[in-house]
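A quick write-up on the structure given underneath.
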Amino acid sequence: MNDLKISISKGNIKLHDVTSFSLPPITTCRKDAPYKHDCYACKIQRLRPAVRAAYERNYNLLLSDPESVFTQLKAHLFTVRFFRFHVSGDFYNAEYFSKVMDLARNCSWCRFIAFTKQYEIVNDYIKNGGTIPENFNLIFSAWGKNWKFPNPYNLPVAEVIFKGEEPNPEWMTCGGNCQECSCKGVGCWQLKKGETIYFKKH
């Protein structure tokens with residue numbers, strides 16, 4: 001029975017008490033991702049085999065029994081006000097993305113956040129009539145000035161600032177404490193269309 005249970009993170013030094021659901025990096029990310037050899041999620045799972053196993057289990061359960069995964073997620077969401085998808089990993093296909101949007105729509109008491117580089121999946125979803133729930137802050141993840149991506153719906157963006165670079169003065173800066181920002185309704189949790197927040201590369 002234990003193998004059928006999803007793994008939900010209880011938080012970390014940045015998220016604090018904001019829980020999250022993650023998937024394996026690389027496997028679920030876009031194939032042309034520019035950061036494959038410099039990915040913090042890859043580093044974490046290399047250092048922590050138990051974390052790697054948890055990510056893999058979540059992914060395998062999604063492939064074999066997605067209904068069970070979303071039932072378990074909804075049960076957890078009854079106990080929280082804020083939730084993050086994908087400290088590691090991404091929306092690996094359109095069906096999964098649509099199910100996450102439906103879950104958020106049906107859990108209106110909870111505020112969600114996710115960063116994604118699966119731009120085409122999101123853009124196609126909106127183009128075909130899908131809407132991002134008001135309680136879900138979906139943020140396009142950028143990777144420096146040379147990484148171009150389609151954002152026809154002007155979704156909010158998270159930019160990475162590399163060593164020696166200066167951010168655009170109009171961009172917001174990450175406060176570094178997801179729990180505090182979520183409770184105050186600031187930072188990433190309230191980022192609106194056309195706005196950008198930046199993180200120093202880590």
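In the condition set (1) in a loop (DSSP other than H, G, I, E, B); (2) modelled with pLDDT of 95 or more; (3) surrounded by fewer than 17 Cβ atoms within 10 Å (Cβ to Cβ), I126 is compliant with all but (1).
Would region 77-90 turn up any residue that is assigned to a helix (DSSP H, G or I) and among the hydroxyl-bearing types (S, T, Y)? Within region 77-90, not a single residue is assigned to a helix (DSSP H, G or I) and among the hydroxyl-bearing types (S, T, Y). Condition (residue is over 17 Å from the mean Cα position of the chain (by Cα), more than 23 Å from P24 (Cα to Cα) and aliphatic (A, V, I, L, M)) applied to region 132-142: is it met by at least one residue? Within region 132-142, not a single residue is over 17 Å from the mean Cα position of the chain (by Cα), more than 23 Å from P24 (Cα to Cα) and aliphatic (A, V, I, L, M).
When each of I113, I139, I132 is tested for being under 27 Å from A53 (Cβ atoms) and surrounded by 14 or more Cβ atoms within 10 Å (Cβ to Cβ), the lone residue that passes is I113.
Look at region 107-121: where a residue is under 17 Å from T79 (Cα atoms) and a partner is β-branched (V, I, T) and outside any strand (DSSP E or B), sitting 6+ places away or on another chain with Cβ atoms under 7 Å, you get C110/V80. From the set of residues in region 161-175 that are surrounded by 13 or more Cβ atoms within 10 Å (Cβ to Cβ) and farther than 16 Å from K145 by Cα, which is modelled with the lowest pLDDT? Among those residues, the one meeting the criterion is G175. Selection over region 142-160 of residues that are in a loop (DSSP other than H, G, I, E, B) and either in contact with a helix residue (DSSP H, G or I) (Cβ under 9 Å, 6 or more places away or on another chain) or crowded, with 16+ Cβ neighbours inside 10 Å (or both) gives a count of 9.
Annotation: of all residues in region 1-39 being more than 17 Å from R84 (Cα to Cα) and among the charged types (D, E, K, R), the one that is modelled with the lowest pLDDT is D3.
Q118 meets each of the listed conditions (1) surrounded by 13 or more Cβ atoms within 10 Å (Cβ to Cβ); (2) touching a Pro at 6+ places or on another chain (Cβ under 9 Å) apart from (2).
Table: residues versus (1) in contact with a helix residue (DSSP H, G or I) (Cβ under 9 Å, 6 or more places away or on another chain); (2) not small (G, A, S).
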| position | (1), (2) |
| --- | --- |
| P49 | no, yes |
| R57 | yes, yes |
| L62 | yes, yes |
| Q72 | yes, yes |
| L77 | yes, yes |
| F85 | yes, yes |
| F91 | yes, yes |
| G129 | no, no |
| N137 | yes, yes |
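Within 18 Å of the chain's Cα centre (by Cα), modelled with pLDDT of 80 or more and assigned to a strand (DSSP E or B) - does that describe any residue in region 186-194? There is no residue in region 186-194 that is within 18 Å of the chain's Cα centre (by Cα), modelled with pLDDT of 80 or more and assigned to a strand (DSSP E or B).
The values are calculated or read from the model by the stated rules, or taken from the named source; none is laboratory data. These numbers were taken from a predicted model, which means no experiment stands behind them. As a convention, Cβ positions derive from the backbone with ideal geometry for all residues, glycine included, and neighbour counts pool all protein chains shown.
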